[in-house]
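A quick write-up on the structure given underneath.
The values are calculated or read from the model by the stated rules, or taken from the named source; none is laboratory data. It should be emphasised that the depicted structure is a prediction, and the values quoted were computed from it without experimental measurement. Positions of Cβ are generated from backbone atoms using ideal geometry, with glycine treated the same way; all protein chains shown enter the neighbour counts.
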Amino acid sequence: MSEKNKGVIALKFCPNCGESLLKLNSFLNEYWISHDTVYFCWCSECSWRGEIIEIKRVTAPELASV
Amino acid sequence: MLSKEQNDQLTQIGPGTPMGELLRRYWQPIAASSEVEKIGSTKKVKLLGEDLVLYRDKLNNLGLVAERCAHRGVSLEYGIPEKCGIRCQYHGWLYNADGQCIEQPNEPGNSTFKNRIKIAGYKVKELGGLVFAYLGPAPAPELPRWDLFVRKNVIRAIGYAIVPCNWLQIMENSLDPTHLEWLHGHYFQHVFEQQGRPQEEWPITKHHIKIGFDEFEWGIIKRRVLEGQTEENEDWAIGHPIVFPNILRVGDRGAHSFQIRVPMDDTHTLHFWYTCFIPKEGVKVPDDYPISLYECPIKDENGKFITDYIDGQDMMAWITQGPIADRTTERLGTSDKGIIMYRQMLKRELKKVQEGKDPKCVIRDPQKNECIELPQEENKFSEGELLTGVAKDWNTRYAPNLDEIIAICRGEKVVSSIS
C-alpha cells in the first residue's frame, strides 16, 4: 500500500440514506474476501448496517451437478 | 483498514475524547484490595489519562484523588491518610474524598481560601478482591456484580501486568478466535521444540472450521467449531463472552476467569487476569482463604518477550503491533469479522453517549445486579479441564500458591503457606 493511499477508503456515502460515511460518527471498515474488496458500513444517521463488495471479476457459483 | 481519524477516535481515551467519555461510564478496576488493605496506605494509579492516588483513610474508607496537591504540585502518593481524607505531607493541606480542600493549617483561621481549592476526587468501591473507580458523570451506575466477583466456594487469584500498548489492540485479540490455533498452538509447539520439550503434549492446535459472533445483553458471544467438533459442542453451542466494553470471560470446568483491560493512557493498559478456581464437587474451600496477587512478567532478563506461556504470547502479539496499532495499513480478512463487529459496536455506543443516553452494560437497577450470570463453555476444545491442566502454561503459573490451590480444589488436605 502506498503511503498516499494509507487509510484512504474508496466508499463515501450510505447506500440507504445518502449521508456521508466519512463523517467520524459513522463507521467504514475495509477488508478483503479473496480478491474482492469489502466495505463494512454503519451509518450513524439512519443506523443502516451492511456490506458493499467492490467486484473485480464477475463469477458465478458452481452449478449443481445432475 | 480504517481511516486515521477513525483509528484515533477509537484509541484515544484521555479526558474529553469521545472514547474517553464512553469508558468513563464504567467502573474500572485500579488495584487489588490487598494492595491498600492497611489503614494509612497509598497507591499511585493512572486511569484514563489521569494521575491519581488511592488511599485508605483512618476510618477504613478508600479514597481516590488527583495525584498532585493544588498548592505546590507535590505528589500525594506520599500524603498522610487521615480520618476524613488525605493530607499533603508538604504543608498539611487536607483534602476530603471529593477532592475538596478542607484545611490549610498555615493560612489565617478565618481564611476562605480553602473553599476555592478542589482537586479531582472520584468514587471507589471494592468487590471480589478488586478496587474499582468511577470517573464518569453523576449519578454513578451500579458496580456490576459479574458472577465471578460474587461467586461462593471458589479460590481467587489475581494476576496483573502494565502492558505498554493501547487498550483496543488487546480487546481486538479477544474477537479474533483463530489466533488460538496459531499463537497458542503451532507457535507454542515451536517454542516447545526450541526448549527441547515434547511437542505432542500440547493440545491447542486444532484447525478452526467455523467461527461466529452474536450480540447479547452484555456484549458479544464468541463461538468456534474446531476440527473434529460439531455445532453441538460447547465451544459453539455456548461459547464465551466479551463483556462490553473491556472484559473477556474465558475458562473451562476447573477455572473461570476474566481478563480486564483497563486503559491507563493511550499507550499503557493495566491488565488483570482474575481467576476463580472451581473445586471438585463436594469440596469446601476454606472461607478465609486469601486471594493471591502476582505480577505476570512480559520480558526476560535479556529484554526478550517471555513466550512459553499463553498470556506471555498474547502480550508479545499485542505489544509488537506498536504502542497504538496503525489500522490504516492493516489487511483484514474474513476471519477478522469479529474485530469489525466490535469496532462498530463501540461506534454505536459512542453515539449513545453523545446523545446523553446510557451505553451498553451500564446498570441502574440494583435488583438486576445481585449476580449477573455470564455464559461460558466448560468442556473447552472438547478437552474437559484443559486450562486447569495447563495452569502452569498460563498466567497462573506465577501465583505463589498455585500448587496449593490445585491441591485444595482436588480435596487434598493442605496447610496454607500464604497469609
Exercise for the section: Confirm whether B:Y342 is surrounded by 20 or more Cβ atoms within 10 Å (Cβ to Cβ) and out of contact with any strand residue (DSSP E or B) (no Cβ under 9 Å at 6 or more places or on another chain). Expected result: no
Practice task
With the condition kept exactly as written, say whether any residue in the range B:230-242 is in contact with a Gly (Cβ under 8 Å, 6 or more places away or on another chain), among the aliphatic types (A, V, I, L, M), under 21 Å from B:Y342 (Cα atoms) and in a strand (DSSP E or B).
Solution key: yes
Problem - Failed condition for B:S292, given (1) more than 14 Å from chain A (Cβ to nearest Cβ); (2) surrounded by fewer than 21 Cβ atoms within 10 Å (Cβ to Cβ); (3) in contact with a strand residue (DSSP E or B) (Cβ under 9 Å, 6 or more places away or on another chain) - result: (2)
Practice task
Can you confirm whether the range A:50-62 contains a residue that is facing chain B (nearest Cβ under 10 Å) and in contact (Cβ under 8 Å) with a residue 12 or more places away in the chain?
Solution key: yes
Practice task
Filter the range B:1-47 down to the residues that are closer than 30 Å to A:S26 by Cβ and in contact with a Lys or Arg (Cβ under 6 Å, 6 or more places away or on another chain), then identify the one that is surrounded by the fewest Cβ atoms within 10 Å (Cβ to Cβ).
Solution key: B:N7
Completion exercise
Note: among B:E172, B:E142, just one is over 30 Å from B:E404 (Cα atoms), among the acidic types (D, E) and out of contact with any Lys or Arg (no Cβ under 7 Å at 6 or more places or on another chain), namely B:E172
Exercise for the section: Please work out if B:P198 is out of contact with any helix residue (DSSP H, G or I) (no Cβ under 9 Å at 6 or more places or on another chain) and farther than 24 Å from B:I278 by Cβ. Expected result: no
Practice task
Only residues in the range B:319-336 that are within 14 Å of another protein chain (Cβ to nearest Cβ) count as the first member; pair them with residues that are buried (at least 17 other Cβ atoms within 10 Å of the Cβ) and not in a helix (DSSP H, G or I), Cβ under 6 angstrom, at least 6 apart or cross-chain, and list the lot.
Solution key: B:I324/B:N166; B:R327/B:L2; B:T328/A:G7; B:E330/B:M1; B:L332/A:Y31
Practice task
Please determine, by comparing only the residues of the range B:220-269 that are surrounded by 22 or more Cβ atoms within 10 Å (Cβ to Cβ) and aromatic (F, W, Y), which one is farthest from B:C296 (Cα to Cα).
Solution key: B:F244
Handout entry: So B:R197, is it surrounded by fewer than 15 Cβ atoms within 10 Å (Cβ to Cβ) and not polar (S, T, N, Q)
Key = yes
Fill in the blank from the handout: Output for Cβ contacts, cut-off 6 Å, separation at least six or different chains, first residue more than 9 Å from chain B (Cβ to nearest Cβ) in the range A:26-49, second of a type in the set (S, T, N, Q) and surrounded by 20 or more Cβ atoms within 10 Å (Cβ to Cβ), reads A:C43/A:S26
Exercise for the section: Please go through the range B:286-301 and pick out each residue that is farther than 23 Å from B:H184 by Cβ and in a loop (DSSP other than H, G, I, E, B). Expected result: B:P286, B:D287, B:D288, B:Y289, B:P290, B:I291, B:E301
Exercise for the section: Among the residues of the range A:1-20, write down those that are more than 10 Å from chain B (Cβ to nearest Cβ) and of a type outside the set (D, E). Expected result: A:S2, A:K4, A:A10, A:L11, A:K12, A:F13, A:C14, A:P15, A:N16, A:C17, A:G18, A:S20
Problem - Residue match in the range B:3-10 (condition: at pLDDT 95 or above, under 20 Å from B:P164 (Cα atoms) and not in a helix (DSSP H, G or I)) - result: no
Fill in the blank from the handout: Among the residues of the range B:347-357, the number that are in a helix (DSSP H, G or I) and either more than 9 Å from chain A (Cβ to nearest Cβ) or more than 12 Å from A:N25 (Cβ to Cβ) (or both) is 3
